[in-house]
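Written out below as structure tokens is the structure these notes cover.
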Amino acid sequence: MSRRKAGCLAAMAGCWALAVSAGLADDRPQPNVSPPNVVMIIADDQGWTDFGFMGHEVIETPHLDRLAGESARFDNGYVPTSLCRASLATLLTGLYAAQHKICCNDPPEGVDRAAMHPFIQHAPTVPRLLGNAGYASLQTGKFWEGHYANAGFTSGMTTKGRHGDDGLVIGRQTMQPIYEFIEGRQRQPFFVWYAPMMPHEPHNPPERLLKKYQAPDRPAPLAKYFAMCEWFDETCGELLGWLDDHGLRDNTLVVFVVDNGWIQNVEPRQRGQSGFAPKSKRSPYDGGVRTPILLRWPGHTVAGRYDDLVSTIDFAPTLLTACGVDVPCEMLGLSLLDVAAGRGRLPRTFVRGEIYVHTCVDLDQTGLNLTHRWVRQGDWKLIAPIGSRQPRELYNLRRDPTEMNNVLDEYRDEASRLATLLEK
């Protein structure tokens, strides 16, 4: 039994013991192997289908298509919470929003944003844990938690503000800070957080790409969004190409994910109306919480499609395990390394999450901000609103991938079974 297994079984006995303990064999690199570099690429507000490798008929993403072809590819990936700040915090901490308490984008009215920062300062973040193991780390792009050091990054572009402040020039204007950081790291292994605000609004792609997607029968907002997806792909190609050109491919673990989904609203926007359709961002539907997940680590991952249900709570255990760092017991996810290497299936059969309001009601009592809980097992997905005003919803995603036909009345036994998973 690994050290993590023994510690977690003792500390986390109870409702989550099975999820923590099952299948967590110690698959860390051998001591004589250099620890890998890690590059995390995070798309911002992009639908899970909106890539060439996911079968989109219009959007072209050749660079990410190539990465997908070289990666362990999980098409059934999920974020627990379809709101960017909460989702990014889960990627950094390996914790659910109810654990890290970063569940909303904005504080309650009259409360300063700085009151939200202690949550990330006290969390077991990936850059903080890697830093303890000798890694240099760089934050770029989206980051809601004030100064980059609040999350344990050793370097960064964001020092204040909302969304990411000065860090938001990455991708849209420049990639140079990443290259300068890697070149100046003095032989340290590195962790790069590449989270450009792309294809996130504003949808202002280069004219050359916008012209490519304009069509008489295509609404202008949709053409702009499509062009933004390809623009983001170009930046990923530039980054991956630079790593190759500098001999960093073989010992770099590249991971890719979307922070939350997006379905473009093509109707004329009314004042105060969002640019996304209701069943996408900020919703419990797959249009909001589903994402492809890619892992490429030459010699350690096996390219191909994997059907396992995976969650972004699995990212931190995966990265830490790859880097030879102990995984804290409060992280409830599973390392994906064995599965990504073609060694068996995950011992977990379901994924779950929670949806919260955009602007916080209470910073400490996360349940007061909760609107929905959801769970998927196999082809079945249950959505449970908080309170009794709305009915539960049950969908069979194989037959109804866009969740248009609520079959709760026809399959109440299935709904009851899934409800027990939520109660765990």
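From the set of residues in segment 355-371 that are under 19 Å from the mean Cα position of the chain (by Cα) and crowded, with 24+ Cβ neighbours inside 10 Å, which is nearest to ASP250 (Cα to Cα)?
Filtering first and then ranking leaves ILE355.
Give segment 75-128 a look and list any residue that's β-branched (Val, Ile, Thr), over 20 Å from ARG352 (Cβ atoms) and not in a loop (DSSP other than H, G, I, E, B), or say none.
ILE120, VAL126
Starting from segment 311-322, take each residue that is touching a residue at least 24 places away in the same chain (Cβ under 8 Å) and closer than 18 Å to THR349 by Cβ and list its partners that are among the hydroxyl-bearing types (Ser, Thr, Tyr) and assigned to a helix (DSSP H, G or I), counting only C-beta distances under 8 angstrom and pairs at least six apart or across chains.
THR312/SER87; THR312/THR90; ILE313/THR90
Identify the residue in segment 193-211 that is in contact (Cβ under 8 Å) with a residue 60 or more places away in the chain and not in a loop (DSSP other than H, G, I, E, B) and, among all such residues, is surrounded by the fewest Cβ atoms within 10 Å (Cβ to Cβ).
Result: TYR194.
Restricting the first residue to segment 214-236 and requiring it to be free of Cβ contacts under 8 Å to residues at least 24 places away in the same chain, which pairs with a second residue that is of a type in the set (Ser, Thr, Tyr) and surrounded by 17 or more Cβ atoms within 10 Å (Cβ to Cβ) meet a Cβ separation below 7 Å and a spacing of at least six or different chains?
Listed pairs, sorted by first residue: ALA223/TYR213.
Can you name the residue in segment 376-416 that is among the small types (Gly, Ala, Ser) and more than 22 Å from LEU309 (Cα to Cα) and is also surrounded by the fewest Cβ atoms within 10 Å (Cβ to Cβ) among such residues?
Only one residue fits best here, namely SER388.
When you scan segment 144-192, how many residues do you find that are among the charged types (D, E, K, R), surrounded by fewer than 16 Cβ atoms within 10 Å (Cβ to Cβ) and part of a helix (DSSP H, G or I)?
Final tally of qualifying residues: 3.
Would you point out the residue of segment 368-400, among those that are among the acidic types (Asp, Glu) and assigned to a loop (DSSP other than H, G, I, E, B), that is nearest to ALA97 (Cα to Cα)?
ASP379
Please count how many residues of segment 212-227 are in a helix (DSSP H, G or I) and either touching a Leu at 6+ places or on another chain (Cβ under 7 Å) or among the aliphatic types (A, V, I, L, M) (or both).
Residues that pass the stated criteria total 5.
Please go through segment 330-345 and give me each residue that is surrounded by 16 or more Cβ atoms within 10 Å (Cβ to Cβ), in a loop (DSSP other than H, G, I, E, B) and not small (Gly, Ala, Ser), ordered by number.
Of everything in segment 330-345, those that are surrounded by 16 or more Cβ atoms within 10 Å (Cβ to Cβ), in a loop (DSSP other than H, G, I, E, B) and not small (Gly, Ala, Ser) turn out to be GLU330, MET331, LEU332, LEU334, LEU336.
If I filter segment 258-278 down to residues being part of a loop (DSSP other than H, G, I, E, B) and at pLDDT 95 or above, which single residue comes out as surrounded by the fewest Cβ atoms within 10 Å (Cβ to Cβ)?
Among them, the one singled out is ILE263.
Take ILE313 and decide whether it is surrounded by 24 or more Cβ atoms within 10 Å (Cβ to Cβ), more than 20 Å from GLY55 (Cβ to Cβ) and within 14 Å of the chain's Cα centre (by Cα).
When the stated conditions are applied, ILE313 passes them.
In segment 44-69, what count of residues is obtained for those that are surrounded by fewer than 16 Cβ atoms within 10 Å (Cβ to Cβ) and part of a loop (DSSP other than H, G, I, E, B)?
Qualifying residue count, segment 44-69: 4.
The values are calculated or read from the model by the stated rules, or taken from the named source; none is laboratory data. The shown structure was predicted, so the numbers you read here are calculated from the model rather than taken from an experiment. Because the Cβ atoms are built from the backbone with ideal geometry, glycine has one as well, and the counts that use them run over all protein chains shown.
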